[in-house]
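The values are calculated or read from the model by the stated rules, or taken from the named source; none is laboratory data. What you see is a predicted model; the values in this text were computed from it and never measured. Neighbour counts run over all protein chains shown; Cβ positions are idealised from the backbone, glycine included. SASA here: full protein model, heavy atoms, side chains in, ligands and nucleic acids out. Shrake-Rupley method; radii C 1.70, N 1.55, O 1.52, S 1.80 Å.
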Amino acid sequence: MVHPIILCGGTGIRLWPSSRETFPKQFAPIMGDRSPYQNMLELFSGSGFDAPVVATQKDFRFLAEDQAGEVGVWDARINLEPDCRGTAASVLCAALTVEDDPDALILVSPIVHYAGDAEAFQTAIRNAEARVRKGAVVRFLDGITQPQISSAKILEEMVAEPRSGGVSALPEREDDEDPHGQALGMTLMRRADLLAAFEDRAPKMLKICRKAVEQGKTEANTLTYGAVDFAEIPNHSFEGDILKSVKGALQMPLGGPCTGLEDWSSVWSVMDQDQNGVSAHGGALAVDCRDSMLRCEESAMQVLGIGLTNVVAVAMRDAVLVADRDHLAKIPGALEKLEARKTPHAREYPRYHRPWGWYESLIARDRFQVKRIMVKPGGVLSLQSHVHRSEHWIVVGGTAKVTVDDEVKLVPENGSVYIPLGATHRMANPGKVPMYLIEVQTGTYLGEDDIERYEDIYDRC
């Protein structure tokens, strides 16, 4: 069995506004109805793969769990990091939770978009697996540059140098200069060789990471590393700092186009395009455009592009990006300027995900706000009260179980309930389908910090 470790971190701000700090690209439906994270889970759920280990930050626990459930990957193991300590810490801690077998095969992968078919991917992994079991380390390439060169041919061309203490070193070349494709950061190696690489390059990390794993808290399929020990881990890059000690690593393509979705230009490169190199998504129409991407993610909005060349235009309900494709690298700096103006759109996604579901603000004006709320089956909001606002709830889908002070009742679809200012209240979804409601808030202050919690099944009190 191959043990996949999915590095599900990062902010993906180069894909703003579809990806933001509170809802990064790995969870956003960038390439279709499913997120890159969900596509990777399915890719690693075939024959020959053990349950994937997902390394992500604790803020994204419920997103990672929910999205895995949505694609039927119920056995995914979610490893939560208290803070960001670099990819080396993510890989090592995750590897320490894999079975304690030196010959166990570990496939380390960042979030990528694989555009080939699953069979070609499986074939590439199997070809690499045979070599790795003999002690080789295989790094995968995207296969775009020269897809006609087979994986087997590249493996025949590259011969691993003799190991020293089970560790070998990478060739002296830049990844981008590889003649067979660009390195993806996806690596297959034995568990013993991975640990040996850390022993060689960062020996102190092993002891600290073991303690962080041992002191972690496990709940169902989720492990939260010990915060005190995890904070002591040195910040290193797995690719840049640790794999430097691996000699003669073999390199081979995945058998299909693959990209790390670094920016909108890389997304454009793998999207379907017309004869003029134009990709249009959602409610977007391009007229007399060339080498451009128009993307609309709001069903009630229409984007029309006329005479554009080399342009990326991405429209959401709350934010729009219009940029020359040659200037996409300036997005992070531009977002810093937005944040300096205290613009929440720079980092906050318009839909706010919570352990029980999500909510989005439809309209906010002086003294009132209208929200749409989804509570997943079994979801329960905290028992709470407000000092500055009252609320009206109208159920528009499913059935809500509503508590207002001492009264508990079921509110069916088309039913409504009033929450007076200061009343203790909560809502829950006791049904088997998602519950949707419209919430109308009125009052002198409508901020999210006007909440006093008394009970919460998600430990947020």
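Quick notes on this structure:
- Single residue of the range 313-339 satisfying the filter (over 30 Å from GLU448 (Cβ atoms) and among the basic types (Lys, Arg)) that is surrounded by the most Cβ atoms within 10 Å (Cβ to Cβ): ARG325
- ILE13 vs. criteria under 30 Å from ALA323 (Cα atoms) and in contact (Cβ under 8 Å) with a residue 40 or more places away in the chain: yes
- The residues in the range 376-419 that are among the polar types (S, T, N, Q) and under 25 Å from CYS461 (Cα atoms) can be counted, and the count is 5.
- Flag for LYS342 being of a type in the set (D, E, K, R), closer than 23 Å to SER269 by Cα and open to solvent by 30 Å² or more (accessible area, probe 1.4 Å): no
- Close Cβ contacts (under 7 Å, 6 or more residues apart or on different chains) running from residues in the range 448-461 that are of a type in the set (Val, Ile, Thr) to residues that are surrounded by 11 or more Cβ atoms within 10 Å (Cβ to Cβ) and assigned to a loop (DSSP other than H, G, I, E, B) comprise ILE451/HIS386.
- When the test is whether a residue is farther than 26 Å from GLY12 by Cα, open to solvent by less than 40 Å² (accessible area, probe 1.4 Å) and either in contact with a Phe, Trp or Tyr (Cβ under 7 Å, 6 or more places away or on another chain) or of a type in the set (A, V, I, L, M) (or both), MET252 passes it.
- The set of residues from the range 73-102 being assigned to a loop (DSSP other than H, G, I, E, B) and of a type in the set (Asp, Glu) comprises ASP75, ASP83, GLU99, ASP100, ASP101.
- Qualifying residues in the range 432-457 (those that are more than 18 Å from GLN369 (Cα to Cα) and surrounded by 16 or more Cβ atoms within 10 Å (Cβ to Cβ)) - the one modelled with the highest pLDDT: MET435
- In this structure, VAL396 does satisfy being modelled with pLDDT of 95 or more, in a strand (DSSP E or B) and over 26 Å from the mean Cα position of the chain (by Cα).
- Considering the conditions (1) touching a residue at least 60 places away in the same chain (Cβ under 8 Å); (2) under 30 Å from GLU129 (Cβ atoms), SER266 is excluded by exactly one of them, (1).
Residues checked against (1) of a type in the set (Lys, Arg); (2) under 28 Å from ALA319 (Cβ atoms); (3) out of contact with any strand residue (DSSP E or B) (no Cβ under 8 Å at 6 or more places or on another chain):
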{"site": "TRP358", "(1), (2), (3)": "no, yes, no"}
{"site": "LEU362", "(1), (2), (3)": "no, yes, no"}
{"site": "VAL370", "(1), (2), (3)": "no, yes, no"}
{"site": "LEU383", "(1), (2), (3)": "no, no, no"}
{"site": "THR403", "(1), (2), (3)": "no, no, no"}
{"site": "GLU407", "(1), (2), (3)": "no, no, yes"}
{"site": "GLY415", "(1), (2), (3)": "no, no, no"}
{"site": "ILE419", "(1), (2), (3)": "no, no, no"}
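- Helices (runs of 4 or more DSSP H) contained in the range 182-259 and holding at least 2 residues under 25 Å from GLN122 (Cα atoms): 191-201
- The range 115-138, residues that are in contact (Cβ under 8 Å) with a residue 24 or more places away in the chain, in a loop (DSSP other than H, G, I, E, B) and not acidic (Asp, Glu): ALA115, GLY116, ARG133, GLY135, ALA136, VAL137
- Qualifying residue in the range 443-460 (condition: within 18 Å of ARG354 (Cα to Cα), assigned to a loop (DSSP other than H, G, I, E, B) and among the basic types (Lys, Arg)): yes
- The number of residues in the range 32-57 that are hydrophobic (A, V, I, L, M, F, W, C), crowded, with 23+ Cβ neighbours inside 10 Å and in a helix (DSSP H, G or I) comes to 2.
- Of LEU294, LEU328, LEU321, all but one fail to be modelled with pLDDT of 95 or more, under 11 Å from TRP16 (Cα atoms) and in a strand (DSSP E or B); the exception is LEU321.
- The lone exception for ASN310 - which of (1) over 18 Å from SER265 (Cβ atoms); (2) surrounded by fewer than 18 Cβ atoms within 10 Å (Cβ to Cβ); (3) free of Cβ contacts under 8 Å to residues at least 40 places away in the same chain it fails: (1)
- Per the conditions (1) open to solvent by 10 Å² or more (accessible area, probe 1.4 Å); (2) aromatic (Phe, Trp, Tyr); (3) over 14 Å from the mean Cα position of the chain (by Cα), the sole criterion not satisfied by PHE60 is (3).
- Subset of the range 214-243 [free of Cβ contacts under 8 Å to residues at least 24 places away in the same chain and open to solvent by 70 Å² or more (accessible area, probe 1.4 Å)]: GLU214, GLN215, LYS217, THR218, GLU219, ALA220, VAL228
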